[in-house]
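Report on the structure given below.
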Amino acid sequence: MQRILSTLVRFRSFIVYLFFAAVALLLLNNRSFYHASQFDKTRLSLSAWLHLKSTAISDYFDLNRQNEILLMENLALKKLALKANAFPLYDQYYHAKEPFPFELQTARIIKTDLQKQRNFVLINKGHVDGVQSEMGVIGASGIVGIVDQVTTHFSSIISILHLDLKINAQIKNTEVFGSLSWKGTLPKAFQLQDIVTTNPVQLGDTIVTGGRSSYFPMGIPLGVITQVDRPQSEGYYQIDVTLFDNPLQYKYVYLLNNMDFDEIKSLENQPQE
């Protein structure tokens with residue numbers, strides 16, 4: 001108590017000044033319209049600033065929940081977008097019951113790198129979440145890879161940045177199909193192979209998924225052709241493709257569960273007569 005009293009005595013002049021300043025400001029506010037309006041503007045600006053800072057702080061601590069909400073909204077939009085681009089798959093083998101036999105679910109990437117030529121990605125979903133090997137995995141606007149190993153709570157994905165992974169691809173709005181694979185250098189540098197030189201190919205053509213696999217539907221945008229070479233001694237183009245998105249920048253992914261996968265595999269495994 002003695003310390004408080006000593007502090008008050010020490011700063012008595014400043015405290016008296018603040019008191020009379022507050023009284024003067026109160027009198028100005030009550031007796032002068034101009035000063036009252038200026039005080040109101042100041043209070044409004046201060047209140048808005050404090051509210052903005054408070055909102056920023058609360059938003060920061062609410063980021064995880066907001067990310068989950070956005071992820072669910074993106075999931076719904078992704079389903080609609082894929083259905084709009086996809087045609088009935090594998091109808092040459094059987095009559096598809098659904099024009100888009102894929103179910104989607106979200107997952108979060110917990111580990112990814114670009115230190116080898118055969119890279120893998122780890123996600124936070126496993127058997128308990130319904131994840132199975134050979135499920136396709138996509139990002140916001142591109143392919144991430146294909147599920148390889150699955151444990152109870154986690155799964156590893158063969159990254160699209162893997163020299164042995166080839167993605168069935170198509171030049172958009174054409175019937176020209178090939179295999180898209182990583183060049184092993186930059187994360188967006190790919191090559192499109194198996195395109196016969198009799199097909200028309202141009203710089204700037206968009207590359208999308210071809211839909212001729214059980215992993216991905218048709219029409220997912222992948223990248224754009226940035227270089228085309230036509231060797232004289234070979235019958236195939238050498239085509240460079242730059243992806244639209246960097247696969248290393250994804251934090252959340254979408255798992256594609258092909259509901260017809262088992263039936264397709266059983267047909268593929270039947271002996272040919």
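Readers should treat all values here as calculations from the given coordinates under stated rules, not as data from a laboratory. All figures in this text were calculated on a predicted structure; none of them were measured in a lab. Counting neighbours? That spans all protein chains shown, and the Cβs are built from the backbone with ideal geometry, glycine included.
What the table shows:
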read-out	value
Using θ = phi - 60° and Karplus 6.51 cos²θ - 1.76 cosθ + 1.60, couplings along segment 104-109 (whole Hz; Gly, Pro as x)	10, 9, 9, 8, 10, 6
Kirkwood-Stokes translational diffusion coefficient of segment 100-273, alpha-carbon pairs, 10 °C, 1.306 mPa s, µm²/s	95 µm²/s
Long pairs among 188/251; 116/188; 125/183; 188/265, criterion Cα-Cα beyond 20 Å	125/183; 188/265
Mean-position separation - Cα centroids, segment 136-174 and segment 209-261, in angstrom	10 Å
Least to most buried among 75, 243, 203 (fewest other Cβ within 10 Å first)	203, 75, 243
Net charge contributed by nearby residues that have their C-beta within less than 11 Å of residue 182 (K/R +1, D/E -1)	+3
For 233, 213, 155, 141, order by how many other beta-carbon atoms lie within 10 Å, fewest first	233, 141, 213, 155
